[in-house]
Amino acid sequence: MSTRTISFPQDAIVGILKALPENVLRDIFWRAFADVDDSPLSEAERSALAAADAEFERGETVRWEDLR
């Protein structure tokens, strides 16, 4: 079986993604960008997670709905 590459306009891809239901969009991004790692968190990872939680609590994060 051969692999074929095609060109697709970026605006068309963005339009398709924006039209998808949120649950489908989250699934696509999860499959495309998330690596599964079930090892225990390192001290640096725990620190980064705590910092991210604090940013969220202060309202310094971007809401998912605002990205659409």
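Remark: the Glu22-Ala51 segment gains 7.8 nm on full extension, using 0.36 nm per residue and subtracting the alpha carbon distance. Spin-label model, Val36/Thr5: points 7 Å from Cα along the beta carbon direction are separated by 3.0 nm. Of the GluC sites (Glu not before Pro) found in the chain, those in coil by DSSP whose Cβ has at most 11 other Cβ atoms within 10 Å are Glu60. Looking at segment 9-58, the trypsin sites (Lys or Arg not before Pro) that sit in a DSSP loop and have at most 16 other Cβ atoms within 10 Å of their own Cβ are Arg58. Compactness of the chain, taken as the C-alpha radius of gyration over 2.2 N^0.38 Å, stands at 1.58. Quick one: go through segment 40-68 and flag any residue whose amide nitrogen is under 20 Å from the point 7 Å out along the Cα-to-Cβ line of Phe29. Residues 49-68 qualify, since their backbone N sits under 20 Å from the label point. A helix-only calculation puts the chain at -18000 deg cm²/dmol for mean residue ellipticity at 222 nm, using -39500 (n - 2.57) for each DSSP H run of at least four residues, averaged over all residues.
Every number in this text was worked out from the coordinates using simple rules, so none of it is lab data. Not measured: the values here are computed from a predicted model. With ideal geometry, Cβ positions are generated from the backbone for all residues, glycine too; neighbour counts draw on all protein chains shown.
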